Amino acid sequence: MDDNMISLIVASAALLISLVTFFIFNKERTKKKAETTAPGDSTRPLQLQAYERLIVLADRIALPNLISRASQPGLSAKEMQSLLTESIKQEVEYNTSQQIYVSAAAWDAIRNLKDQNMLIINQVATSMPQDAKGIDLNKRLLDFVMNQQKGTLHTIVSEALNYEAKKLMH
């Protein structure tokens with residue numbers, strides 16, 4: 001046998017070993033994946049719990065609820081703005097691990113709600129006079145929310161999360 005023939009045999013053997021190893025590995029991986037996604041899946045309760053927590057989070061960072069919870073008499077509008085935006089950030093950070101268990105769309109909805117609420121707070125606060133009180137900011141924010149025609153974003157996000165959770169239950 002010449003050197004080319006020996007090289008071809010060695011390369012063929014290496015390829016055959018690689019293919020066999022790949023198929024064995026892939027078969028094991030597919031088997032494990034099937035076990036973790038089978039009906040009655042052990043992650044389903046964790047997923048449902050994550051959706052529950054995100055629905056609570058959406059409710060907690062909804063502007064009317066946030067304002068009623070965080071309102072403190074005597075704060076300036078700037079202080080209230082800071083308190084409200086920090087409260088939103090903390091609520092979302094506390095629940096950030098839930099994104100592991102929910103769809104990317106669900107987590108994006110939460111992030112969009114956070115960003116939108118912070119944008120509203122910052123824009124309304126910026127439009128107020130320098131000496132405005134926190135209670136004045138809160139009133140303007142609540143007026144803004146009440147005048148939204150298409151419904152509040154937190155309601156839309158909550159409905160989407162609820163829909164996804166119900167899909168998991170079926």
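Residues in the stretch 85-118 that are among the hydrophobic types (A, V, I, L, M, F, W, C) and within 17 Å of ASN65 (Cα to Cα): 5 in all. Filter the stretch 112-149 down to residues that are in a helix (DSSP H, G or I), farther than 25 Å from ILE55 by Cα and in contact (Cβ under 8 Å) with a residue 24 or more places away in the chain, then give me how many there are. Number satisfying all stated conditions: 5.
The rows are residues; the columns are (1) surrounded by fewer than 12 Cβ atoms within 10 Å (Cβ to Cβ); (2) of a type in the set (Val, Ile, Thr); (3) in a helix (DSSP H, G or I); (4) assigned by TED's automatic domain parsing to the domain that holds ASP59.
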site	(1), (2), (3), (4)
GLN72	yes, no, no, yes
LYS78	no, no, yes, yes
SER82	no, no, yes, yes
THR85	no, yes, yes, yes
ILE88	no, yes, yes, yes
GLU91	no, no, yes, yes
ALA105	yes, no, yes, yes
ILE110	no, yes, yes, yes
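Examine the stretch 158-170 for a residue that is assigned to a helix (DSSP H, G or I), touching a residue at least 60 places away in the same chain (Cβ under 8 Å), surrounded by fewer than 18 Cβ atoms within 10 Å (Cβ to Cβ) and touching a Lys or Arg at 6+ places or on another chain (Cβ under 7 Å), and state whether such a residue exists. Checked the stretch 158-170: at least one residue is assigned to a helix (DSSP H, G or I), touching a residue at least 60 places away in the same chain (Cβ under 8 Å), surrounded by fewer than 18 Cβ atoms within 10 Å (Cβ to Cβ) and touching a Lys or Arg at 6+ places or on another chain (Cβ under 7 Å).
The values are calculated or read from the model by the stated rules, or taken from the named source; none is laboratory data. Everything numeric in this text was worked out from a predicted model, so none of it was measured. Cβ coordinates were reconstructed from backbone atoms using ideal geometry, including for glycine residues, and neighbour counts include every protein chain displayed.
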